[in-house]
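To start, the structure under review is shown below, and the notes come after it.
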Amino acid sequence: MAFPPLSSSSLTISSRPKFFGELPHFSTRSTPCHRFTMSCRAENGGKVDRRNLLLGMGGLCGATNLVKADAPPALAAPISAPDLAKCSRGTNLNTKQPLDVNCCPPFSDKIIDYKLPPVTKLRLRPAAHLVTKEYIAKYEKATELMKALPDDDPRSFMQQANVHCAYCNLTYEQTGDPDEKLQVHNSWLFYPWHRWYLYFYERILGKLIDDPTFALPYWNWDNPPGMPMPALFVNENSPLYNPKRNQAHLPPALMDLLYSSKSSTDPSVIIPTNLNEMYGEMVRNAVKPEDFYGAKYIVGSDPDPGAGTVERGSHTSVHIWVGDPRSPAGEDMGNFYSTARDPIFFCHHANVDRMWSVWRDLRGPKPKDFNDPEWLDADFVFYDENAQLVRVKVKDTLEDVKMGFAYQKVELPWLNKRPKARVRKSKIAASSTGTTTVFPVTLDKVVRVLVDRPKRKRSSKDKEREEELLVIEGIEIDTAKYVRFEVFVNDEDDKPGEIIDRAEYAGAYSQVPHKNSTKVKSKIRLGLTELLEDLDAEDDDKILVSLVPRVGGEDITIGGVKIIYV
């Protein structure tokens, strides 16, 4: 299947002369001014916090009414734990009607700041396909006891499932800006929030069976032996079983990390494609922390500023692949509000969390985390194993061992799977001919774009200093729908459905549907430095970018495509 020919509806060339550079874009959105209480009480050894002083004097309001659209306010505040008393059912923001799901947790006004307990023995999280019968019996017993707890006990299975629903379906307003809703997905909060969520869920299970060493299993879907749905979840007599799953994807079917309804079921296609995808998510496209974690998200930010590589890739595919197509909204795993009602959710997210640990290990001396206080000091509230409401911070999640757990070591077969180029040079990119199309554009067909490269012939030092990134921005979608599109560079004739060992495949965007429905704008950043080396295109003035819709293209609008250096 060849791509469509270049036409006025499929090609965009920037008409801006190169020497002008990027002009600043300013937002004229009026930011509501909130009252801040100013205290001149000296703390921290007698020093007055200048930032708090400015906030008290109205500095935040003045600073945020005229700012660059893609930059946070100068006096940004980290996301803070929501007020549980203000939890709502949530609203379909398109219809303005309340949702039919109530996932608000039990209320408590007794919150304590959580301190990680001393680690005497690590909880070792095993690969699900390698667990013993004894382990399965213990896990089933713990889950059975959790499901037997009273419905109003915050440690009960349904209440634990509601924790995810409440934090992920815009049921809380942001503390500090009630005009904005709280969302922990599709931003730099994704990994730390889910790590705390698994942490307390795991400790509750261990407490119920009086075993502080109990650890959750992880679904090793990045390794061929672990790609089928783990067998311990498909026993119909087990408390780990859930009937709301795609019946066509039960073992021995292999998890497809690029899943769509048109995906191949051939293992000889799925396995190398999965390894190709993992290499992209963990190596090629995860050079900078923002690309792996997701975009900055602070008080006053709109939800969904941009997901990291794993979140928008393999993480989403597993959710959709497991979800039941017979259910109205892909329940349970295929929709945010219901996904944690399936015990396999926690096994899936244990592997997502493991990817965080693996990625940090692969970094060596390179930056592993953000040093922004707006990230490190962001906080959430959870109920612990004693049903006590506790406040936790992002900065305490950075080392899994310090939190008392680690992952069973297995091979990483994707680590050395750098894909190969099929076409060394793009004739279309070299010709630099075509007509101009103005964004935004609906992705109801394959869209091909010639994109200028501001910098060429970069030295090794240049590449070490700056990563070249392809930015797909202004991705406007409805959160209630599953959508997916893929991005290719200098790929003219190959079938877009086959991504086996293809250097031309740059990455993808996809999202897990929400119960609520609202339009959001997001972006993705895709690494080009290594890709252009493989395509022998480092000296080219332009690259050909192909945006290929897989699911819901008619519901995807693309705002623009550009190259940046960070």
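The values are calculated or read from the model by the stated rules, or taken from the named source; none is laboratory data. Note that this is a predicted model, so its numbers are computed, not measured. Cβ placement follows ideal geometry from the backbone for every residue including glycine, while neighbour counts extend to all protein chains displayed. The area values use the complete protein model at the heavy-atom level, side chains included, leaving out ligands, DNA and RNA. Shrake-Rupley method; radii C 1.70, N 1.55, O 1.52, S 1.80 Å.
Looking across the range 236-254 at every residue that is touching a strand residue (DSSP E or B) at 6+ places or on another chain (Cβ under 7 Å) and assigned to a loop (DSSP other than H, G, I, E, B), the one that is least open to solvent (accessible area, probe 1.4 Å) is identified as Ala253. Sub-6 Å Cβ pairs linking a first residue in the range 301-317 that is more than 19 Å from Trp359 (Cα to Cα) to a second residue that is β-branched (Val, Ile, Thr), at least 6 apart or interchain, are Asp304/Val520, ordered by first then second residue. Of the residues screened, Val390 is not one that is assigned to a helix (DSSP H, G or I), among the β-branched types (Val, Ile, Thr) and surrounded by fewer than 24 Cβ atoms within 10 Å (Cβ to Cβ).
Go through the range 118-133 and count every residue that is under 19 Å from Ile204 (Cα atoms) and out of contact with any Gly (no Cβ under 7 Å at 6 or more places or on another chain). Total meeting the criteria: 6. Ile112 meets the conditions (1) over 25 Å from the mean Cα position of the chain (by Cα); (2) in a helix (DSSP H, G or I); (3) not small (Gly, Ala, Ser) in every case but one. The failed one is (2).
Counting only helices (runs of 4 or more DSSP H) that fall entirely inside the range 265-360 and contain at least 2 residues that are over 17 Å from the mean Cα position of the chain (by Cα) and under 30 Å from Glu504 (Cβ atoms), the qualifying elements are 267-279. I'm trying to understand the selection: among the residues of the range 131-146, which are open to solvent by less than 90 Å² (accessible area, probe 1.4 Å), in contact (Cβ under 8 Å) with a residue 24 or more places away in the chain and of a type outside the set (Ser, Thr, Tyr)? Within the range 131-146, Val131, Ile136, Lys138, Glu140, Ala142, Leu145, Met146 meet the criteria. Considering the range 255-272, the residues that are surrounded by fewer than 17 Cβ atoms within 10 Å (Cβ to Cβ) and among the polar types (S, T, N, Q) include one that is nearest to Arg550 (Cα to Cα), namely Ser261. Filtered by the rule that a residue be touching a Phe, Trp or Tyr at 6+ places or on another chain (Cβ under 9 Å), modelled with pLDDT under 95 and open to solvent by 20 Å² or more (accessible area, probe 1.4 Å), the range 534-563 gives Pro549, Arg550, Val551.
Evaluated against (1) open to solvent by 10 Å² or more (accessible area, probe 1.4 Å); (2) at pLDDT 95 or above, Pro365 falls short on exactly one condition, (2). Taking the criterion of being polar (S, T, N, Q) and within 15 Å of Thr529 (Cβ to Cβ), the residues of the range 438-495 that qualify are Ser459, Ser460, Asn490.
Among the residues of the range 246-271, those identified as of a type in the set (D, E, K, R) and more than 12 Å from Pro224 (Cα to Cα) are Lys262, Asp266.
Out of all the residues in the range 75-88, which are at pLDDT 80 or above and surrounded by fewer than 18 Cβ atoms within 10 Å (Cβ to Cβ)? Within the range 75-88, Ser80, Asp83, Leu84, Ala85, Lys86, Ser88 meet the criteria. When Lys523 is tested against (1) touching a Lys or Arg at 6+ places or on another chain (Cβ under 9 Å); (2) open to solvent by 20 Å² or more (accessible area, probe 1.4 Å), exactly one condition is not met: (1).
Residue count for the range 147-171 satisfying the condition of being buried (at least 22 other Cβ atoms within 10 Å of the Cβ), assigned to a loop (DSSP other than H, G, I, E, B) and of a type in the set (Ser, Thr, Tyr): 1.
For the range 175-190, indicate whether the set of residues that are open to solvent by 10 Å² or more (accessible area, probe 1.4 Å), more than 17 Å from Cys103 (Cβ to Cβ), part of a helix (DSSP H, G or I) and in contact with a helix residue (DSSP H, G or I) (Cβ under 7 Å, 6 or more places away or on another chain) is non-empty. Scanning the range 175-190, I find no residue that is open to solvent by 10 Å² or more (accessible area, probe 1.4 Å), more than 17 Å from Cys103 (Cβ to Cβ), part of a helix (DSSP H, G or I) and in contact with a helix residue (DSSP H, G or I) (Cβ under 7 Å, 6 or more places away or on another chain), so the answer is no. Against the numbered list (1) farther than 25 Å from Leu415 by Cα; (2) within 22 Å of the chain's Cα centre (by Cα); (3) aromatic (Phe, Trp, Tyr), Phe214 comes up short only at (2). Considering Pro328, Pro272, Pro303, Pro267, the condition of being modelled with pLDDT under 95 and under 23 Å from Glu533 (Cα atoms) is satisfied by Pro272 alone. Residues in the range 361-382 that are within 20 Å of Val401 (Cα to Cα) and part of a helix (DSSP H, G or I): Asp361, Leu362, Arg363, Leu376.
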